[in-house]
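Okay, so here's the structure we're looking at.
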Amino acid sequence: MNKSDFYYDLPPELIAQTPIEPRDNARLLVYDRHNKEIVDKHFYDLPSFLKKGDVLVINNTKVLPARIYGNKPTGAKVEFLLHKRIDLTTWEVLVRPARKAMKGETILFGYELSAKVLEIGSEGIRIVKFEYDGVFEDILNRIGEMPLPHYIHEKPKDPDSYQTVYAKVNGSSAAPTAGLHFTPSLMDKIRAMGVEIVEVLLHVGLGTFRPVKTENILDHKMHSEYYSVSEEAAARINAAKSEGRRVIAVGTTSVRVLESCFNDGKMQAGSGNTEIFIYPPYKFKAVDALITNFHLPESTLIMLVSAFCGREETLDLYKYAVDNRYRFFSFGDACLFL
């Protein structure tokens, strides 16, 4: 199967540059996979498609202000995008321009933070060791910027607009964007219906920004991302599956956790790194329904959606969304696939 099999035409003006306010006023394309019906709604209508006993699985990762700008002692400017924490002070980062950060060199980020390059990886990746006084996250909050995707050209007025309302655990380089549509009041309404909300963790990495470069998708090397599933979360998901209740994933990141950890007929608690690559044909083990945004052409995310809904059906849905002027990508509208 080729990446061109997942291409669609998207007018640039449909790429959302700013979020809708309130968040839950975004549009919601609802697709019933069984009767092949499409319904146009808004995200605040989501509760009407849920029922008591459903389990809504959310990713509680929190986006770091992971883009930082520094200088070499010579004055040359360098940009870091934090990718993955290796230990307390060592990180894997994406450097631009890469030639400005060679092994052994030190980059200065003001007076309170510096980084020494330990190893050189491919495509601009570096392993660096940070030195600082104080709390690393506090320094990032002062000097860092939210790592918005390349297709967003307007800086949000509120940095928290690129953060879910249930974000808890620092570590992501990008937001799990399907969750951006939830508001505290909408979540309260969903809980009051008897829908269980279960939290898992997946730190979204740089792979989110990277295109599939190989024409044959089987030649694509999937990025690795850290996940964690608690004993309580696993038990609640297993209870739902054994009782025939729906498990509804909020976002492709939650899907990656659920499908990585559902083995031998049940959800396994634990943590680690997943490189799962989901594309057609794939038999889903844990996920019964999916809430997600509209994804880039030829991306691994549209391939995942195509595995869930069918490739031709997905491309037809995207054409429908384009024809009906839905807003696309991170700050765009949402889909509910039942």
Check: In the set 303, 267, which member is more than 20 Å from residue 6 (Cβ to Cβ) and modelled with pLDDT of 95 or more?
Finding: 267
Notebook entry, point to check: Do we find a residue being of a type in the set (S, T, N, Q) and modelled with pLDDT of 95 or more anywhere in the range 118-127?
Noted result: no
Check: Between residues in the range 155-174 that are under 18 Å from residue 140 (Cβ atoms) and in contact (Cβ under 8 Å) with a residue 12 or more places away in the chain and residues that are crowded, with 20+ Cβ neighbours inside 10 Å and of a type in the set (Ser, Thr, Tyr), which pairs lie under 7 Å by C-beta distance while being six or more apart or on different chains?
Finding: 156/162; 167/61; 169/61; 171/61; 172/61; 174/208
Notebook entry, point to check: Among the listed residues 165, 95, 117, which satisfies the condition of being assigned to a strand (DSSP E or B), under 29 Å from residue 332 (Cα atoms) and of a type in the set (A, V, I, L, M)?
Noted result: 95
Note to self: Being of a type in the set (Gly, Ala, Ser) and in contact with a Gly (Cβ under 8 Å, 6 or more places away or on another chain) narrows it down to one residue among 175, 98; which is it?
What the structure shows: 98
Item checked: Residue that is among the β-branched types (Val, Ile, Thr), farther than 18 Å from residue 329 by Cβ, in contact with an Asp or Glu (Cβ under 7 Å, 6 or more places away or on another chain) and modelled with pLDDT of 95 or more, where the choices are 55, 39 -> 55
Next item on the list: Could you identify the single residue in 123, 154 that is surrounded by fewer than 17 Cβ atoms within 10 Å (Cβ to Cβ), in a loop (DSSP other than H, G, I, E, B), within 25 Å of the chain's Cα centre (by Cα) and at positive phi?
Entry: 123
Notebook entry, point to check: Among the residues of the range 221-238, which ones are closer than 23 Å to residue 277 by Cβ and assigned to a loop (DSSP other than H, G, I, E, B)?
Noted result: 221, 222, 223, 224
Notebook entry, point to check: Being among the hydrophobic types (A, V, I, L, M, F, W, C) and in a loop (DSSP other than H, G, I, E, B), is that true of even one residue in the range 315-329?
Noted result: yes
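Condition check ((1) surrounded by 16 or more Cβ atoms within 10 Å (Cβ to Cβ); (2) within 20 Å of the chain's Cα centre (by Cα); (3) assigned to a helix (DSSP H, G or I)) across all residues:
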{"position": "178", "(1), (2), (3)": "yes, yes, yes"}
{"position": "187", "(1), (2), (3)": "yes, yes, yes"}
{"position": "190", "(1), (2), (3)": "yes, no, yes"}
{"position": "198", "(1), (2), (3)": "yes, yes, no"}
{"position": "201", "(1), (2), (3)": "yes, yes, no"}
{"position": "211", "(1), (2), (3)": "no, yes, no"}
{"position": "214", "(1), (2), (3)": "no, no, no"}
Checklist line | Candidate set: the range 126-151, residues that are part of a loop (DSSP other than H, G, I, E, B) and over 16 Å from residue 79 (Cα atoms); chosen: the one nearest to the chain's Cα centre (by Cα) | finding: 151
Margin query: Among the listed residues 286, 234, identify the single one that is in contact with an Asp or Glu (Cβ under 8 Å, 6 or more places away or on another chain), without any contact (Cβ under 8 Å) to a residue 60 or more places away in the chain and buried (at least 19 other Cβ atoms within 10 Å of the Cβ).
Written below: 286
Next item on the list: Being at pLDDT below 95 and surrounded by fewer than 18 Cβ atoms within 10 Å (Cβ to Cβ) is the filter; apply it to the range 216-231 and report the residue that is nearest to residue 64 (Cα to Cα).
Entry: 224
Next item on the list: Identify the residue in the range 273-308 that is touching a Leu at 6+ places or on another chain (Cβ under 6 Å), assigned to a loop (DSSP other than H, G, I, E, B) and not small (Gly, Ala, Ser) and, among all such residues, is farthest from residue 85 (Cα to Cα).
Entry: 287
Next item on the list: Taking the residues in the range 45-95 that are in contact with a Gly (Cβ under 7 Å, 6 or more places away or on another chain) and without any contact (Cβ under 8 Å) to a residue 40 or more places away in the chain as candidates, determine which candidate is nearest to residue 241 (Cα to Cα).
Entry: 95
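For the range 11-21: of the residues being under 21 Å from the mean Cα position of the chain (by Cα) and not charged (D, E, K, R), which is surrounded by the fewest Cβ atoms within 10 Å (Cβ to Cβ)?
18
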Margin query: Just to confirm my filter: which strands (runs of 3 or more DSSP E) fall fully inside the range 1-83 and include at least 2 residues that are on the phi > 0 side of the Ramachandran plot and of a type in the set (S, T, N, Q)?
Written below: none
Notebook entry, point to check: Which residue out of 64, 50, 56, 10 is closer than 27 Å to residue 128 by Cα and of a type outside the set (Gly, Ala, Ser)?
Noted result: 64
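The values are calculated or read from the model by the stated rules, or taken from the named source; none is laboratory data. Since this is a predicted model, take the numbers as computed values, not measurements. Cβ: placed from backbone, ideal geometry, glycine included. Neighbour counts: every protein chain shown.
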